[in-house]
1. Hand me the list of strands (runs of 3 or more DSSP E) wholly inside segment 80-131 holding 3 or more residues that are more than 30 Å from residue 4 (Cβ to Cβ), assigned by TED's automatic domain parsing to the domain that holds residue 45 and under 24 Å from the mean Cα position of the chain (by Cα).
2. Being outside any helix (DSSP H, G or I), modelled with pLDDT under 95 and touching a strand residue (DSSP E or B) at 6+ places or on another chain (Cβ under 6 Å) narrows it down to one residue among 343, 389; which is it?
3. Would you point out which residue out of 327, 354 is touching a strand residue (DSSP E or B) at 6+ places or on another chain (Cβ under 7 Å) and farther than 29 Å from residue 124 by Cα?
4. Just give me the residues in segment 299-321 being in contact with a helix residue (DSSP H, G or I) (Cβ under 6 Å, 6 or more places away or on another chain) and either under 20 Å from residue 201 (Cβ atoms) or modelled with pLDDT under 95 (or both), in sequence order.
5. With respect to residue 170, is the statement that it is within 18 Å of residue 382 (Cβ to Cβ) and not in a strand (DSSP E or B) true?
6. In segment 65-85, how many residues are under 18 Å from residue 247 (Cβ atoms) and buried (at least 21 other Cβ atoms within 10 Å of the Cβ)?
7. Would you confirm whether any residue within segment 260-282 is in contact with a helix residue (DSSP H, G or I) (Cβ under 8 Å, 6 or more places away or on another chain), part of a helix (DSSP H, G or I), farther than 16 Å from residue 337 by Cα and without any contact (Cβ under 8 Å) to a residue 40 or more places away in the chain?
8. Could you check segment 23-68 and list, in sequence order, the residues that are touching a residue at least 40 places away in the same chain (Cβ under 8 Å) and in a helix (DSSP H, G or I)?
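The values are calculated or read from the model by the stated rules, or taken from the named source; none is laboratory data. Computed from a prediction, not measured in an experiment: that's the story for all the values here. Here the Cβ positions follow ideal geometry from the backbone for every residue, glycine too, while neighbour counts run over all protein chains shown.
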C-alpha cells in the first residue's frame with residue numbers, strides 16, 4: 001500500500017537510507033533529526049574520510065559481522081555493498097577501494113558522502129526537520145499512531161526508529177531510541193562500548209604515549225585461552241593502548257574486558273632462536289658498550305628501555321656481563337610484552353555499541369517490529385555489530401534500505 005505517512009527518527013546513515021527508500025515507494029516521509037544537521041557521525045568516521053563500506057563481497061561481509069549475522073541475511077541481500085557504491089556514484093560521489101577492501105570517497109571528504117545523501121533525499125521528496133527531538137512514539141491498538149515532539153503530537157502510519165547506539169554521544173547517540181523501544185515493550189540487551197581503546201593495569205605504555213608499534217603481533221588471552229591473535233599496528237597512549245589491532249581485539253572482549261591479558265610480539269618475523277643469535281652477536285660486537293647501547297638498533301630507545309625493564313635488565317649494565325638467562329628474559333619480553341586490561345574506554349571513544357534491541361523481536365525480512373505494527377528498526381539501535389573496515393556502516397545502509405523499502 002503506497003502513500004502512507006512515515007516518520008523516520010534519526011538522520012544518521014540508516015535513517016537517511018530508510019527515508020530515501022520509503023519515499024521512493026511513494027510514501028510521504030518526514031525525517032526527524034535532533035541535531036542541527038544530518039549525518040553527524042558520518043563526518044567523523046574513517047578519521048573524517050568516511051569509510052562508507054567494504055568491497056569484500058557477501059562472504060567478507062558476514063565473516064566480519066560479530067553479533068547476529070544470520071539476522072542480516074535478508075537486509076544484505078536487499079542492499080549490498082555494490083548497491084551502496086552504485087548509489088553514491090549515481091548521486092555524485094565517486095569512490096575508491098583501498099587496503100583491506102575499504103571503500104572511501106575519491107575526494108577523501110566525508111562531506112561528499114553526506115552531499116550524495118542530501119541529493120537523494122531531495123530527489124525522493126523527503127521532508128527534513130532538523131533540531132527536532134522526538135519524545136515518544138504513539139501507538140493505538142498495538143500499531144503505530146504517530147510521534148510526540150516538543151512541538152506536540154503528529155499522526156503517522158509508520159515509524160522507522162534509527163537513533164543509533166551510545167557510541168560518540170556528542171553526535172547525538174545518547175540512547176534515547178533504546179528508551180523509546182523499551183516503552184513499546186521491546187527488550188534491550190546489555191550495552192557495551194566496542195571497537196574501543198583499552199586501559200591497562202601496567203603503566204609503561206603511559207610514558208611512551210604517542211608511539212606507534214608497526215608490524216607487531218597482538219594476542220589477547222583470558223585464563224590462558226587465546227581470544228584473538230593478529231599482526232598489524234597499535235598505538236601506546238597515556239591510558240594504555242589503541243590503534244587498529246586494539247580496536248579489533250576489543251570487539252572480542254567487549255562484554256568482559258577486565259583481566260584479559262595482551263601479549264605483544266615486537267618481532268613477529270624473527271623466530272626466537274634467530275633472535276637469541278642476533279642478541280648474542282650484538283653483545284660480542286659491542287663488549288665495551290652498555291646493554292642499552294649494544295641493543296640500540298633492535299628497537300627505538302624509549303621502547304627498548306621499557307622492554308629491558310620488563311626483562312629486569314639495567315640498560316646501563318655492561319654488555320660484556322650479559323648472561324644467557326638475561327638473554328632469555330629479553331627474548332621473552334621482545335616476543336611477548338605483557339599488558340593486563342583494566343577496562344575499556346567509555347562510549348564517547350567507542351566506534352560502535354555492542355548490544356541493542358533484541359533481534360528476536362524484529363522481522364529479519366522487513367525490519368518491522370514483531371510487537372508493534374508499523375514500527376521498523378534499523379542501524380546501530382539493533383543488537384548487531386561488526387569489525388572495523390566499513391562493515392558497521394554497511395549494516396546501517398542495508399537495514400535502513402530494507403526497512404524503508406518494506407513500507
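1. Details: elements: 95-97, 102-105, 127-129.
Ranges flagged: 95-97, 102-105.
2. Working: 343 fails: modelled with pLDDT under 95.
Of 343, 389, the one residue that is outside any helix (DSSP H, G or I), modelled with pLDDT under 95 and touching a strand residue (DSSP E or B) at 6+ places or on another chain (Cβ under 6 Å) is 389.
3. Numbers: 327 fails: touching a strand residue (DSSP E or B) at 6+ places or on another chain (Cβ under 7 Å).
It is 354.
4. Filtering segment 299-321 for residues in contact with a helix residue (DSSP H, G or I) (Cβ under 6 Å, 6 or more places away or on another chain) gives 306-307, 310-311, 313, 315, 317, 319.
Of everything in segment 299-321, those that are in contact with a helix residue (DSSP H, G or I) (Cβ under 6 Å, 6 or more places away or on another chain) and either under 20 Å from residue 201 (Cβ atoms) or modelled with pLDDT under 95 (or both) turn out to be 306, 307, 310, 311, 315, 317, 319.
5. Values: within 18 Å of residue 382 (Cβ to Cβ): no; not in a strand (DSSP E or B): yes.
No: the conditions fail for residue 170.
6. Just the residues of segment 65-85 that are under 18 Å from residue 247 (Cβ atoms), to begin with: 65-67.
Those still in the list that are buried (at least 21 other Cβ atoms within 10 Å of the Cβ) too: 67.
Of the residues in that region, 1 qualify.
7. Yes, that holds for at least one residue.
8. 23, 24, 45, 46, 48, 60, 61
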